[in-house]
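These notes concern the structure reproduced below.
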Amino acid sequence: MNSRTGETGVSVTSGEECRAIFSQAIGENRTYLMEHECKEILESMGIATTGFLVAGSEDEAVEMSNKLGYPVVLKIVSPDVVHKTDSGGVKLNLADEDAVRAAYGEIVGAFKYQHIIGVAVQKMADPGVEAIIGVTRDPNFGPVLMFGLGGIFVEVLKDVTFRVLPVTLQDIDEMIQEIKGYPLLKGYRGKAVDIDALKNLLLKISELVLTFPEIRELDLNPVFLYPRGNMTVDARMFVSPAPEAVSQQASGNTVEQMRTLFYPGSIAVLGATSVEGKLGYNVFRNLLFHKFAGKLYPINPKSESVQGVKAYRSITEVPDPVDLAIVLVPASAAVTAVEECCRKGVKIIVVETAGFAETGADGKAAQEKIREIIKAHGCRLLGPNCSGVINTHVGNVQSIGLVEELGKGNIGMTAQAGVYAAGILTGLRHVMNFGIVATIGNKMDISETDILEYLGSDDHIDVVAMYMEDVKSGRRFIDVASEVTKKKPVIALKGGRTAAGTKVVSSHTASLAGNDEINSAAFRQSGIIRARDNEHLFGLLKAFARQPLPRGDGILVITYTGSLGVAATDTLYLNGMRLAELEPELKERLKGILPDYVTSLNPVDYSFSMDAEQLRKTIELGIVSEDVGGLIVVLQGEILGSFVDTLRSIDYKGKPILSCVAVKEFMMEDVILMEKAGFPVYSTVEMAAEILADMYRYSLRKDRQAQA
């Protein structure tokens, strides 16, 4: 097709023809395109297929076959038949005219009760490496691209990978390399496929789906990959009217708005009280106890003062400007309270009250009314049904639960559940310092993406943690996370790893694209480190918040027992790391430190004879070694306290050190001393080794992004 080319890369004429095909199918109330329609669209994008000729008679089928050259394939073309192969609508490897005539008759006879458009005649494709490419639309992230090897690899092994569209060339590189069958593509027994042509195909599919939002799902299965080029053998597209475009851009300057949320100059608390046990007591008490750096205005129509601070009957009576308002009044009064805050000129409102969309129709209606109010006044709102935020650096502690002393930390965290965040603070404040914690509740307005974008800009925060139940802002989340992870690690724990029910789907791609697979793909694409569970999350946080990133993949393991040294070694190699090789001179010095009966120089096994001085000397050798990127130290729990001061006194010169204490739960007093000294302690060497590998992979990605 000769025509002008538009901004999308799709020619104007072919674009119009493609849209006409979609319009016709949708106008006929079809939810899918027939194969010849799919292939016409693909070829308009420059994607090679086995063709889309359709014969209306036996003679036409023979004539087309003679022109194409044998062997050929015949396929039923009918709007009533989606799964052609399963229903006997495909005849393969037809070698001559007689075979074509016989196959044509069998197909027409088998489907005589369906509406038959004709019979497709296609050249039989040369065999190649079989692949599957697909697209499905996720309700949160939008269109998602899938790639994998076909045949048994997809049917049994489900060896596929996903990325949210649009994709970059780097995304596609990572997709191709992370499937288990990648060695078959790269080259097996001297045979390799055309990787550049495959990348180009994936980019074209991305372009196609973004250009035509009518495509709901897409399957190219199989695609044969050759040493030169590729060929799409079969194609399906499921269609629906193009959805209205929904902007995912935040309103206003989100970072500055969120800065006011965390660093307000003044806070009004609507529902503040002096009655212990009530939420209004807890929140106001927390702000006073933690010495909030700004002005406080308790709002209570029945009190002259609250906890010793002058109170006001309404926020509108406060004589000074108010940066932030916390709403704690019952849900029935919250709509009026929010409206008064907006009239006062408050730009950030936190609604901690529950009883909204999470409770049913009446709650949803009240929440929608609040949404209309803040939109009309240009306000931003956190919640409802949340536990506010905490910023330890200015004493901005809004928690609905009483919170004791908090250290000023470098971890920023956003959690959908307020109770979850409160539990973390209660349990972990002795061994881990958080700088900012934000709970987002129903996410009516301010989302996890808004908080993440802000945390990426806060100089007090070095590492970000996220507890997520769902993702509201899809593509914007990926874009924001991709920028934040260039500067600081983001670690996410995502709930909902298993499907609660079976999803009815049309395409093979959609059947493989579960929520968890797409979430994992979005995290990989944006550089987020995904935690398996809470223990893994906190293990990662401790290491990233307190230790530098490894400079290389070589690790020195120091242990008092050989079995744990072996376990550390196994885990390092399984995670793409290795044991470091000390320089000859350092090996000789190490032999002078070790007992005579010890021969292993990495892992360094002291066999229950290690003391603090030996540990110090061994660590210092590892610090000097060029091949050591980080250290794992396995310590004897019974004498753990004897190592703390020694470990604290060493100059590590920017190399990370993680420690393991088996059954540390029984030595918590000394474990806390170690943690407070800045040394993360793990119950297993496997966890320590795995986390060092996570840190190293993040450092590599960060370096690549800096060079891009």
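A few remarks follow.
- Every listed requirement among (1) modelled with pLDDT under 95; (2) open to solvent by 10 Å² or more (accessible area, probe 1.4 Å) is met by residue 314 save one, (1).
- Looking only at residues in the range 192-212 that are without any contact (Cβ under 8 Å) to a residue 40 or more places away in the chain and not aliphatic (A, V, I, L, M), the one that is farthest from residue 144 (Cα to Cα) is 194.
- Among residues of the range 265-287 that are among the basic types (Lys, Arg), those with a Cβ under 9 angstrom from a residue that is not in a helix (DSSP H, G or I), sequence gap 6+ or separate chain, pair up as 278/271; 278/328; 285/276; 285/307; 285/402.
- Residues of the range 149-166 classified as over 15 Å from the mean Cα position of the chain (by Cα) and touching a residue at least 40 places away in the same chain (Cβ under 8 Å), total: 6
- Residue among 622, 641 that alone is at pLDDT 95 or above and part of a helix (DSSP H, G or I): 622
- Filter result (part of a loop (DSSP other than H, G, I, E, B), within 19 Å of residue 495 (Cβ to Cβ) and modelled with pLDDT under 90) within the range 373-432: 416, 417
- Selection of the range 578-599 for residues being free of Cβ contacts under 8 Å to residues at least 24 places away in the same chain, open to solvent by less than 30 Å² (accessible area, probe 1.4 Å) and either charged (D, E, K, R) or closer than 18 Å to residue 632 by Cα (or both) yields only 594.
Residue by residue, here is whether (1) over 30 Å from residue 409 (Cα atoms); (2) polar (S, T, N, Q); (3) in contact with a helix residue (DSSP H, G or I) (Cβ under 9 Å, 6 or more places away or on another chain) holds:
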{"position": "538", "(1), (2), (3)": "no, no, yes"}
{"position": "553", "(1), (2), (3)": "no, no, yes"}
{"position": "563", "(1), (2), (3)": "yes, yes, no"}
{"position": "580", "(1), (2), (3)": "yes, no, yes"}
{"position": "588", "(1), (2), (3)": "yes, no, no"}
{"position": "593", "(1), (2), (3)": "yes, no, yes"}
{"position": "600", "(1), (2), (3)": "yes, yes, yes"}
{"position": "605", "(1), (2), (3)": "yes, no, yes"}
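- Only one of 530, 551 that is charged (D, E, K, R), outside any helix (DSSP H, G or I) and more than 24 Å from the chain's Cα centre (by Cα): 551
- Tallying residues that are more than 17 Å from residue 437 (Cα to Cα) and not aliphatic (A, V, I, L, M) within the range 257-281 yields 10.
- Of the residues 561, 498, 571, the single one that is modelled with pLDDT of 95 or more, among the polar types (S, T, N, Q) and open to solvent by 10 Å² or more (accessible area, probe 1.4 Å) is 571.
- From the list 676, 653, 664, the lone residue that is open to solvent by 10 Å² or more (accessible area, probe 1.4 Å), of a type in the set (D, E, K, R) and touching a Gly at 6+ places or on another chain (Cβ under 9 Å) is 664.
- The residues of the range 239-256 that are of a type in the set (A, V, I, L, M), modelled with pLDDT of 85 or more and either within 17 Å of residue 476 (Cβ to Cβ) or outside any loop (DSSP other than H, G, I, E, B) (or both), listed by number, are 239, 255.
- Scope the range 464-478; condition in a loop (DSSP other than H, G, I, E, B) and either among the aliphatic types (A, V, I, L, M) or crowded, with 23+ Cβ neighbours inside 10 Å (or both); matching residues: 471
- Test: residue in the range 153-162 that is closer than 14 Å to residue 220 by Cβ and assigned to a strand (DSSP E or B): yes
- Extreme residue, nearest to residue 662 (Cα to Cα), among residues of the range 600-635 that are open to solvent by 10 Å² or more (accessible area, probe 1.4 Å) and of a type in the set (Val, Ile, Thr): 623
- Meets criteria (open to solvent by less than 10 Å² (accessible area, probe 1.4 Å), in contact (Cβ under 8 Å) with a residue 40 or more places away in the chain and closer than 24 Å to residue 687 by Cα) for residue 549: no
- The strands (runs of 3 or more DSSP E) found entirely in the range 62-123 that carry 1 or more residues being touching a residue at least 40 places away in the same chain (Cβ under 8 Å) and open to solvent by 30 Å² or more (accessible area, probe 1.4 Å) are 118-123.
The values are calculated or read from the model by the stated rules, or taken from the named source; none is laboratory data. What you see is a predicted model, and the numbers here were worked out from it, not measured in a lab. Here Cβ is always computed from backbone atoms with ideal geometry, including for glycine, and neighbour counts include all displayed protein chains. Ligands, DNA and RNA are excluded from the accessible area calculation, which covers all protein heavy atoms including side chains. Shrake-Rupley method; radii C 1.70, N 1.55, O 1.52, S 1.80 Å.
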